[in-house]
Structures are given as structure tokens and as C-alpha cells.
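Every number in this text was worked out from the coordinates using simple rules, so none of it is lab data. What you see is a predicted model; the values in this text were computed from it and never measured. Cβ atoms come from the backbone with ideal geometry, glycine included; neighbour counts cover every protein chain shown.
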Amino acid sequence: MIPLSVPDISGNEKKYIQECLETGWVSSAGPFVTKFENMVKDFVGTKHGIAVSSGTAALHLSLIAAGVTDEDEVIVPTLTFIAAVNVIRYCRAEPVFMDCDNNTLGIDVEKIHEFIKSQCIQKADGFTYNKKTGRRIKAVIPVHIFGHPIDLDPLIDICQNYNIVMIEDSTESMGSEYKNKRTGSFGDIGCFSFNGNKIITTGGGGMIVTDNDTYAKKLRHLSTQAKLDGVEYDHDEVGYNYRLNNLQAAMGVAQMEKLDQYLACKRRNAQIYRDLLSAQEQIKFFWEMPWARSNFWFYTIQVQSHLKNTLLEHLIREGIQARPVWKLIHTLPMYHTCQTYKIDNAKRIYDSCINLPCSVNLTVKEIKEVTDKIEKAFCEEFV
Ligand SMILES: *Cc1c(COP(=O)(O)O)cnc(C)c1O
């Protein structure tokens, strides 16, 4: 079987974790936590890095720090992993679902602009409100889907003009660049995940990055039960136990040491997939926009929608762990009554796209096997 995405654990992971066990630093404080935070923030190019227990925790705290409450709405893509939407509900706010762009697969920035111009009003306080619901559009969560950056410049303009906070969900795009600057560093706050299927992993974990001192202080405070400094158990707001522990951070440090190698491997493999699939005219292999450098976290192909399920089933039967893209979140039962704005590209993408195996240690031989099986499917199933 060729799995969709499994971690590579061949560096200093054991050595560093052993160090934690021997020194007794196994919990939420310890030298590896700070070291890991510094490595990630330096890599991304931000002033602060706050390690947390998951990417979901990173997004949740970011929304709280941005002040998102039950009186607000948050713009989010319908084509995304669900965590970016669930955190909106954790804050009792409402999502507004947006379409995706056909090239980046990320949120359709033009449609966000259209939505704000036609459905919202900017009041004297400078903030932007949804005309229909009266709620404030407080934040937007762009997600760099499958590692490819969205077109950030126009979104930054929108956020500045309409006073909207940008929480950048970079959980899939560690190492990707938009116009030579790394994703995660563009939003007011950026979020990363180190879940087992991400480009680097700590088993489970996340990181929040920002240049903003006030946000950084608040985020760290919230992640540690909002405990005030001092001997007393004194807390000044409702906090969370969202810290990353030293064992996980030790693994993170070892993985960070190999990130450049993983990125090179992902990009090389993308090229090989593209070359091997280029003869098959019925397949589109998603590639980078001219202003982007993708980490190619997930490789995505598009076929005619009537072929998708047959191809997917064929590959799975042949031991290739291909996967459909996420079901559109606005179609799921807990979100199907929420606001949507002109979603049509995302429907076509869901109907026609498949993700292919993409582990950071995927070999050329394995890629060849995947593309051979795809060709076999076209020969046997689609004659
Ligand atoms: C992986 C992922 C997350 C959440 O990360 P966890 O660490 O699993 O909580 C959030 N958003 C997106 C888009 C993701 O792919």
C-alpha cells in the first residue's frame, strides 16, 4: 500500500526525546518548547511564536485574541479542512462561506470583495457590517489549501480598507511563499499545525505566529489558563490548557532540522508527478501561480467529474491511498443553514478532484507506481 501521507522520523527525534526523558522535562515547560518556538518564528519571519497543542487550538485562540464573539461573522472558504470553521462556532460567531479560486483552490478573493461591496455596509465607526444580519464582519480566515498560497495582496487591501482582521490558516503551507515571503507572516496572526499528516509533525501540535506584541502576550496568556505571574493561583479571564509539551517540542526541533530537505523533496516529487501525468490529456495536475512557491503539501489532480469516483475506487482497490477533497463545509448538517456567497467553483472542484500520495519520503519508484495505476485505470475503466 502507498499511504496518502505519513511522517518521516529519521533524524534527531529519538535523541532529543530521550533527553527530555532523562532530564524529567516532559511536560508543558522545558527548553525544547522555547527552542522550537524560536526556530519556527525565525523560519516564518515573524517576531513572535507561541507553541500550542494543535492547529485547531492555534486558530481558536487567534479568533479569541481578535475579539470574535457571538455578535460577529467570520468569512471562511467552504472548501477547507473543517477545523478552520469549527473554531468560529467555538466563539459563538457565524461563518460566511465563500467560494474557492479555480487555480489556487484557496478562497476567492474577488468574491469576498464583491460580497462586502454588495452585502455589507461600512459604518461611521469604520467597521464593516452585514446588511442582512446586522452583525460585524470581524475576521477572515484564508486557508492556503494543499499548501498553495492564496492571492494575498488584494486580501490585505480589503482587510485594511474594511477593518477586518486576517487570521492566516497556514496549517498546510509551512515553507510556501507568496512573492518571496513565507506564508503565516501576512495575516495579523498566522497558524500552523504539526499533526501527523502535515509537512513536519510533533505527533500533534501547533504554533501561532505574529508581529503584534499585544496579540502575542494575549495568546500566550490564554494558552496557559490565563494565569497571572506570581505564586498565587490568580487568573484574570477564562483561559485554556492549550500548551505544547517539551516532548512534542523536542520532536518539533528534530523535524525543523529537516524541513528544507522535506520541502525540496515535495517540490521535486511534484515535478515528477506532473511530468509522468503530462501525457494523459484528461488529467490536470495543479501547479503554482507565477507569484507563488508552494510546499506542495498535497498533490491534486482534476479529471472529468463523471470519472472521479471510478478512478478513486480503482486506485484504492490497487493499494494507492488516494482521497477525495473535503466535502464542502456549507453542505454539512451543522452548517447547512449558514450564509453562503455564490459558491460554484468549489462544487466543481469537489466533483472532479483527487489527492494523491504525498509523504515527505515518497520515492520516485512509488510515484511511478501511482501514475502507472492511474494510466491503468484510464485503460481499463474509461474505454
Ligand atoms: C490540519 C489543519 C488544521 C488543524 O490542525 P490540527 O493540528 O489537526 O488541529 C486546521 N486547518 C487546516 C486547513 C488544516 O489542514
Leading residue at positive end of dipole, the chain (Cβ point charges), from MET174, VAL76, HIS60: VAL76
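Below 11 angstrom from the Cβ of ASN197, what's the summed charge of the other residues (Lys, Arg +1; Asp, Glu -1)?
Here the count lands on +1.
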Relative contact order computed over the range 205-300 (Cα-Cα under 8 Å; 6+ residues apart), in percent: 17 percent
Summed side-chain charge close to ILE354 - residues other than ILE354 whose Cβ falls under 9 Å, Lys, Arg +1, Asp, Glu -1: +2
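Translational diffusion coefficient of the range 10-141 at 25 °C, 0.890 mPa s, Stokes-Einstein with Kirkwood Rh over Cα pairs, in µm²/s as a whole number. Provide the component values of the computation, followed by the final result.
Details: Rh = 17.6 Å.
In µm²/s, the coefficient rounds to 140.
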Candidates THR133, THR300, THR78, ranked by Gaussian network fluctuation over the chain, Cα under 10 Å, top entry: THR133
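Taking the Cα centre of the chain as origin, work out the dipole magnitude from +1 charges on Lys and Arg Cβ and -1 charges on Asp and Glu Cβ, in debye rounded to 20.
Details: 42 positive and 47 negative charges, 46 e Å.
Taking the Cα centre of the chain as origin, the dipole is about 220 debye.
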The range 282-305 residues near the modelled ASN103 label - backbone nitrogen below 14 Å, point 7 Å along Cα→Cβ: 286-294
Distant alpha-carbon pairs in the chain (separation over 26 angstrom), percent: 53 percent
Convex hull of Cα atoms in the range 71-143, direction-averaged projection (nm²): 4.8 nm²
Gap separating the Cα centres of the range 320-383 and the range 178-251, nearest whole Å: 31 Å
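What length, rounded to one decimal in nm, is gained on full extension from ILE121 through to GLN282, with 0.36 nm per residue of separation minus their alpha-carbon distance?
Going from the current span to full extension adds 53.5 nm.
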Zone residues, the range 265-281, relative to HIS306, backbone N less than 18 Å from point 7 Å out along Cα-to-Cβ: 281
Cα lying deepest toward the dipole's positive end in the range 1-56, options PRO31, SER5, THR46, charges on Cβ: THR46
At most 15 other Cβ within 10 Å, DSSP loop - trypsin sites (Lys or Arg not before Pro), the range 157-232: LYS179
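Quick one: compute the contact order of the chain, relative version, from alpha carbon pairs under 8 angstrom and 6+ residues apart, as a percent.
On the way: 818 pairs, mean separation 92.3, N = 383.
Across the chain, relative contact order equals 24 percent.
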Burial order of peptide ranges 331-342, 46-57 (average beta-carbon count within 10 Å, highest first): 46-57, 331-342
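In the structure shown, do any of LYS132/LYS342; LYS284/LYS327; LYS258/LYS373; LYS131/LYS342; LYS179/LYS266; LYS181/LYS327 have a Cα-Cα gap over 23 Å, and if so which?
Numbers: LYS132/LYS342 16 Å; LYS284/LYS327 20 Å; LYS258/LYS373 31 Å; LYS131/LYS342 17 Å; LYS179/LYS266 19 Å; LYS181/LYS327 31 Å.
Correct reply: LYS258/LYS373; LYS181/LYS327.
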Assigned charges on the beta-carbon of Lys, Arg, Asp, Glu; the range 90-240 dipole about Cα centre (debye): 320 debye
Cα centroid of the range 109-177 to Cα centroid of the range 262-283, whole Å: 32 Å
Positive minus negative residues near TYR273 (Lys, Arg vs Asp, Glu; Cβ under 14 Å): +2
Farthest toward positive dipole pole in the chain [+1 Lys/Arg, -1 Asp/Glu at C-beta], among THR310, ASN212, TYR90: THR310
Karplus-derived HN-Hα couplings along the range 313-326 (A = 6.51, B = -1.76, C = 1.60, θ = phi - 60°), whole Hz, x at Gly and Pro: 5, 4, 5, 5, 4, 8, x, 9, 7, 7, 9, x, 6, 4
Spin-label zone in the range 28-64 - amide nitrogen under 13 Å from a point set 7 Å from the Cα of TYR90 along the C-beta vector: 52-64
